[in-house]
1. Write out, first by first residue and then by second, each pair whose Cβ atoms fall under 9 Å of each other, whose residues are 6+ apart or on separate chains, and whose first residue, in the stretch 87-108, is touching a residue at least 60 places away in the same chain (Cβ under 8 Å) while the second is charged (D, E, K, R).
2. Would you be able to tell me the number of residues in the stretch 109-156 that are in contact with a Pro (Cβ under 8 Å, 6 or more places away or on another chain) and either free of Cβ contacts under 8 Å to residues at least 24 places away in the same chain or exposed (fewer than 14 other Cβ atoms within 10 Å of the Cβ) (or both)?
3. Go through the stretch 107-132 and report how many residues are part of a loop (DSSP other than H, G, I, E, B) and within 21 Å of the chain's Cα centre (by Cα).
4. Mind checking whether some residue in the stretch 200-216 is over 19 Å from Glu46 (Cβ atoms), among the aliphatic types (A, V, I, L, M) and not assigned by TED's automatic domain parsing to the domain that holds Lys105?
5. Step by step: first the residues of the stretch 76-88, then only those that are buried (at least 24 other Cβ atoms within 10 Å of the Cβ) and closer than 12 Å to Lys105 by Cβ, then the one that is nearest to the chain's Cα centre (by Cα). Which residue is that?
6. Given the conditions (1) in a helix (DSSP H, G or I); (2) surrounded by 14 or more Cβ atoms within 10 Å (Cβ to Cβ); (3) hydroxyl-bearing (Ser, Thr, Tyr), which single one is not true for Thr47?
7. If we scan the stretch 92-99, do we find a residue that is in contact with a helix residue (DSSP H, G or I) (Cβ under 6 Å, 6 or more places away or on another chain), more than 25 Å from Pro198 (Cα to Cα) and not assigned by TED's automatic domain parsing to the domain that holds Ser143?
8. Tell me, which residue of the stretch 53-74 that is outside any loop (DSSP other than H, G, I, E, B) and of a type in the set (D, E, K, R) is surrounded by the most Cβ atoms within 10 Å (Cβ to Cβ)?
Amino acid sequence: MKLPLYHVDAFTDRVFSGNPAAICPLNEWLDDQTMLAIAAENNLSETAFCVREGEQYGLRWFAPKSEVQLCGHATLATGFVVLNYLQPGAATITFQTCSGLLSVKQDGEFLAMDLPLIPARPCSPPPDLISGLNPAPRRVLESGKSVAERNYFVVYDNEDEVRSAKPDLRQLEKLHPAGVCITAPGRHSDFVSRYFAPSYGIPEDPVTGSTHCTLAPYWSERLGKKVLYGRQVSERGGDLIVEARGERVILKGKAVLYLEGALSL
């Protein structure tokens, strides 16, 4: 059996940067173990599978070790594939996901995603988070309505602390299913961030759309700005324009095709 596969770099306008995602359009769903095995074989932070369902698409995301509840960069990449290769000329693509309806549309030179806003609240940091971070956390927030949706957000004073941070990934892995985002005001952007999810097989994610569903409202309130420019300062790096709108967040970014091929199963 041959299945189409697209490799797209998201939140960037050039290959070898941003966050790579594998996109696998299907005529019908594969079983979960096969999709997880494909994601592990691809060994990218996310592999997205989509199935056309009438005017919409079903969309699921798999990291190398498990399915995830929300993935921004793979949604952007899937929207890029649909708008450019599967339904060229379409105005807006709507995805049915476990996180509700998400959409992607062309907005000038950007792709614009409509995602749920995920607020954060102050929390007492668990011991594994404290021991897993260097430098030590100053302010810690948590997001998510349940343990399965939880992420920790650590706010530092400046960009240099975020860039130079050297977390103990073995300690952070014990926080599963939570990942850890570190953030601070940026020098040339409104804010910067990095994200670690070692329990999902993602030591450090290059660019994380889903964390910006929380970073957008946090930095918007703190900086008193409606539209912000975020920079994820991983080794590959990536750029996002973010705007909190009520209970939704608009994330804008670019994407570029690196590879088009087929899987043989």
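The values are calculated or read from the model by the stated rules, or taken from the named source; none is laboratory data. This structure is a prediction, so every number in the text was calculated from the model and none was measured. Here the Cβ is made from the backbone with ideal geometry for all residues, glycine too, and neighbour counts use every protein chain on show.
1. Asp107/Lys252
2. 7
3. 4
4. Looking for residues that are over 19 Å from Glu46 (Cβ atoms), among the aliphatic types (A, V, I, L, M) and not assigned by TED's automatic domain parsing to the domain that holds Lys105, one finds at least one in the stretch 200-216, hence yes.
5. Leu76
6. Checking Thr47 against (1) in a helix (DSSP H, G or I); (2) surrounded by 14 or more Cβ atoms within 10 Å (Cβ to Cβ); (3) hydroxyl-bearing (Ser, Thr, Tyr), the one that fails is (1).
7. yes
8. Arg60
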